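Note sheet for the following structure.
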Amino acid sequence: MPSATTAGTPAPHRPSHRWWVLATVALAQLMVVLDATIVNIAMPSAQADLGFSDNDRQWVVTAYALAFGSLLLLGGRLSDILGRRRTFLVGLVGFAGASAMGGAAQSFEMLVAARALQGVFGALLAPSALAVLTTTFTDPKERGRAFGVFGAIAGMGGAVGLLLGGYLTENFDWRWNLYVNLIFAAVALVAGAILLPRGEQTRRQSLDVPGVLLGSTGLFALVYGFSQAEPRGWDSAWTWGPLVASVVLIVAFVLWQRRAPQPLLPMHVVLDRDRGAAYVAILVAGSGMFGVFLFLTYYLQSSMGYSPMTTGLAFLPMVIAIVITAQVSNNITLPRFGPKVLVPVGLATSAVGMMWFTQLASDSTYATDVMPGLILMGIGMGSTMPPSFQLATLGVEPRYAGVASAMVSTSQQVGGAIGTAVLNTLAATAATTYVSTHQPADAAVMAEAAIHSYDVAYLWSAGFFLAGTVVTALLFRTRGDREARLAPPVQDGPVDDATVV
């Protein structure tokens, strides 16, 4: 294999419109990522309009997460079998249709069904988008720029969702938080139909049905179990039952994949050390970032009195820092220092940003107390996400690009589910303990209890990032090891990733 970029991948003719392809798939990725947070801003208005209870409202978020997280591996494999262009376009049409259904919902049940359908088609769309990028950009410098853009969108999508959701809710109606997807999808659909190559070579392969059943139900049980931790508690059978079942199903899935003739997820895709470290980094980033998006949003609105629109604008410094750092990291620092240095440094910087937020108090100011932490988080995410996205699909054969891309989204989704469940539980426990030890529980005590609970969440988020720092520093190969792996003697033929873990 002549280079890190072309490992396991032939060097096809580079299409002249490849940067427009990047813009197209990036727009689709933005639509999928921001949909995880944009609906949160609209929730109070939707609840008042449709009349569902506080206990039921979690399903508007959970339905999307369950369908999306559990079907990603299947969506990635279908893109390998049916072709990326076809699954990308079908995913766009389906996602747009589900969004229109949700925007027009006249009942709680209709809204939840629409959110679940969004997750189904998002699971088809997201892996296809990244797989298109993986097979389009093979030149090292161009690949770095492309993945810098794509990774930046993955890192800032949640913040963009808060900003856009706040604007649409304040100036239009909560339904436009779903209708706006029709605009994104229409532009991406037209561009994709024109730009994505036709006649893509696909191989006739049978679908690994036992693998689909084991993998999808295992991921479903995992996401469901964590989603029940907040409303039902960690001592509930509705929490631990699915989590235990997920462990059993995922172990059975791995054992089956090692012997399946055409596995859903070939083990060499995830057992490579660099790719495995990239998946870990994405999972940690997904779990830790909820300490920012969730609890800092609460703080800005409840403690500082910001409106939804102003809250979204408050995240802009982080978005700008991610965009700038993403391009610098993928094009300058990654080639110079390698992922073994860059990704752990990015995760450590994010940990410092979370620690910064633990100093927030009821009388803190935005410019001196909030914004520096957001900038640190932006630098950390910009140094972590784009390189991890690039390495997570590096060296994968084109026929496995879809499922390798699906593992990226799966890691991010599972990380988000874990982060939401664990941090919410820790914060709620901290708030309860604070109130019980500071009686009488007047308004001032309740306000301080909320801020204390956020501090606990920030501290644990920092712990997630520090743990990821250590694990990725140990897993990523050194530059010499990577070059030796990717440049064997020509006569020896390609290296099997499964043998070089």
- Message: Using a Förster radius of 51 Å, what is the FRET efficiency between ASP56 and LEU255 based on their Cβ-Cβ separation? Nearest 0.05, please.
- Response: 0.85
- Task: Treat each spin label as a single point 7 Å out from the Cα along the C-beta direction, and report the ALA193 to ARG336 distance in nm.
- Result: 4.6
- Report the label-to-label distance for THR310 and VAL209 in nanometres (one decimal), using points 7 Å from each Cα along the Cα→Cβ vector. 5.9
- Note on the structure: The exposure ranking of TRP238, TRP356, fewest beta-carbon neighbours within 10 Å first, is TRP238, TRP356
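Is there a quick way to get the dipole size of the chain? I mean about its Cα centre, with the Cβ of Lys and Arg at +1 and of Asp and Glu at -1; what is the value in debye to the nearest 20? Please report the intermediate quantities before stating the final value.
Working: 27 positive and 27 negative charges, 379 e Å.
In debye, rounded to 20, the chain gives about 1820.
Quick one: what do you get for the range 350-469 if you divide its Cα Rg by 2.2 N^0.38 Å? Before the final figure, lay out the partial values.
Working: Rg = 18.5 Å, N = 120, 2.2 N^0.38 = 13.6 Å.
For the range 350-469, the normalised Cα radius of gyration comes out at 1.36.
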- Message: Bins of 10 Å, beginning at zero and ending with the bin holding the largest distance: percent of Cα pairs per bin for the range 142-211, please.
- Response: 15, 25, 31, 23, 6, 0
- For the range 296-378, list log₁₀ I(q)/I(0) at each q in 0.22 Å⁻¹, using the Debye formula over Cα point scatterers of equal strength and ignoring solvent, two decimals each. -1.00
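Can you give the Rg to Rh ratio of the range 13-197, both from alpha-carbon atoms, with Rh computed by the Kirkwood formula? Before the final figure, lay out each step's value.
Working: Rg = 16.5 Å, Rh = 16.6 Å.
Ratio of gyration radius to Kirkwood radius: 1.00.
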- Translational D in µm²/s for the range 59-167 (Stokes-Einstein at 25 °C, 0.890 mPa s, Kirkwood Rh from C-alpha pairs): 164
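Need one number: the % of Cα-Cα pairs in the chain sitting beyond the 29 Å mark.
Working: 59901 of 125250 pairs.
When all Cα pairs of the chain are counted, 48 percent exceed 29 Å.
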- Item | Euclidean distance between Cα centres, the range 78-98 to the range 241-313, Å | 23
- Query: Using Cα atoms only, what is the angle between the long axis of helix 108-136 and the major principal axis of the chain, expressed in degrees (0 to 90) to the nearest 10?
  - Reply: 40
- Task: Assign one of three labels to the range 210-292, namely rounded, prolate or oblate, based on the Cα gyration tensor with a ≥ b ≥ c the square roots of its eigenvalues; rounded applies when a/c is under 1.5, prolate when it is not and a/b is larger than b/c, and oblate otherwise.
- Result: oblate
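Using R₀ = 41 Å, calculate the FRET efficiency as 1/(1 + (r/R₀)^6) where r is the Cβ-Cβ separation of MET267 and TRP240; round to 0.05.
Details: r = 28 Å, r/R0 = 0.69.
Approximately 0.90, to the nearest 0.05.
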- Which whole-percent values make up P(r) of the range 265-501 when all C-alpha to C-alpha distances are grouped in 5 Å steps starting at zero? 1, 7, 13, 16, 17, 14, 10, 8, 6, 4, 2, 1, 1, 0, 0, 0
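Taking 8 Å as the Cα distance limit and 6 or more residues as the minimum spacing, I'd like the relative contact order of the chain as a percentage. Mind dumping the intermediate values first?
Values: 899 pairs, mean separation 121.4, N = 501.
Relative contact order for the chain comes out at 24 percent.
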- Query: So how tilted is helix 371-392 from the main axis of the chain? Cα-based, degrees 0 to 90, rounded to 10.
  - Reply: 30
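Coordinate-derived values only; no laboratory data. Given the structure is predicted, the values throughout are model-derived calculations rather than measurements. So basically every Cβ, Gly included, is an ideal-geometry build from the backbone, and we count neighbours across all protein chains shown.
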